[in-house]
Amino acid sequence: MKKPLLLLSALAIMLFSCSKSDEVQINDPDSDGPITEVPQDPERVDFDLVSINNSGIAGTASFIPGDDGSTTVYIELTGTNQELHPASINFGDVESGGGIAITLDACECRISETVVDQLDDGTPIDFVDLMNFDGHLNIYEAPGDMSVVAQINIGSNAF
């Protein structure tokens with residue numbers, strides 16, 4: 001009984017300790033909690049999307065390295081139904097914003113899966129580059145309404 005309580009207490013301390021952004025939650029499924037630096041040779045890195053503008057929409061964006069140098073960005077949303085939500089990786093951090101760097105497949109039925117190997121302008125980018133990228137990930141309300149409903153810092157802004 002003491003072990004789960006001790007584990008929860010340790011996790012709470014890690015969650016509320018200082019990091020580059022107080023809203024960032026990054027998980028390495030191969031470890032026991034949040035990470036604060038780019039993991040070496042991970043199976044995947046999960047970023048917990050933060051609901052904004054009272055949308056109630058949150059979720060997880062998983063970055064999964066491919067053997068060919070590509071990265072699969074898998075997004076699973078919560079707090080929404082069958083709606084279509086566009087998604088993108090943008091330049092800069094969530095506080096300052098920035099233009100779209102990579103257009104991701106829209107979340108349809110709460111799920112999106114995009115294989116990424118370049119920016120929208122054709123610049124190659126691999127998993128290591130994404131983990132060091134000065135950017136953030138946005139989820140938008142709808143194709144005709146680009147109001148941000150969830151987001152998270154990624155890359156150099158998260159670690």
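The values are calculated or read from the model by the stated rules, or taken from the named source; none is laboratory data. The structure displayed is predicted, hence computed values, not measured ones. So basically every Cβ, Gly included, is an ideal-geometry build from the backbone, and we count neighbours across all protein chains shown. The area values use the complete protein model at the heavy-atom level, side chains included, leaving out ligands, DNA and RNA. Shrake-Rupley method; radii C 1.70, N 1.55, O 1.52, S 1.80 Å.
What are the residues whose amide H is under 5 Å from the amide H of Leu49, where those residues sit 5 or more places off or on another chain and H is modelled from the backbone?
Gly59, Thr60, Ala61
If you average the alpha carbon positions of region 38-88 and of region 137-159, how far apart do those two centres end up, in angstrom?
Here the two parts' Cα centres lie 10 Å apart.
Quick check on packing: order 133-145, 72-84 by the mean number of other C-beta atoms within 10 Å, highest mean leading.
Highest mean packing first, the order is 133-145, 72-84.
What does a probe at Thr103 reach in region 114-145, counting residues whose amide N is under 11 Å from the point 7 Å along Cα→Cβ?
120-121
Could you report region 50-118's accessible area per residue, 1.4 Å probe, as an integer in Å²?
Averaged over the residues of region 50-118, the accessible area is 48 Å².
With a Förster radius of 22 Å, plug the Cβ-Cβ distance of Gln118 and Thr60 into 1/(1 + (r/R0)^6) and report the FRET value to the nearest 0.05.
0.40
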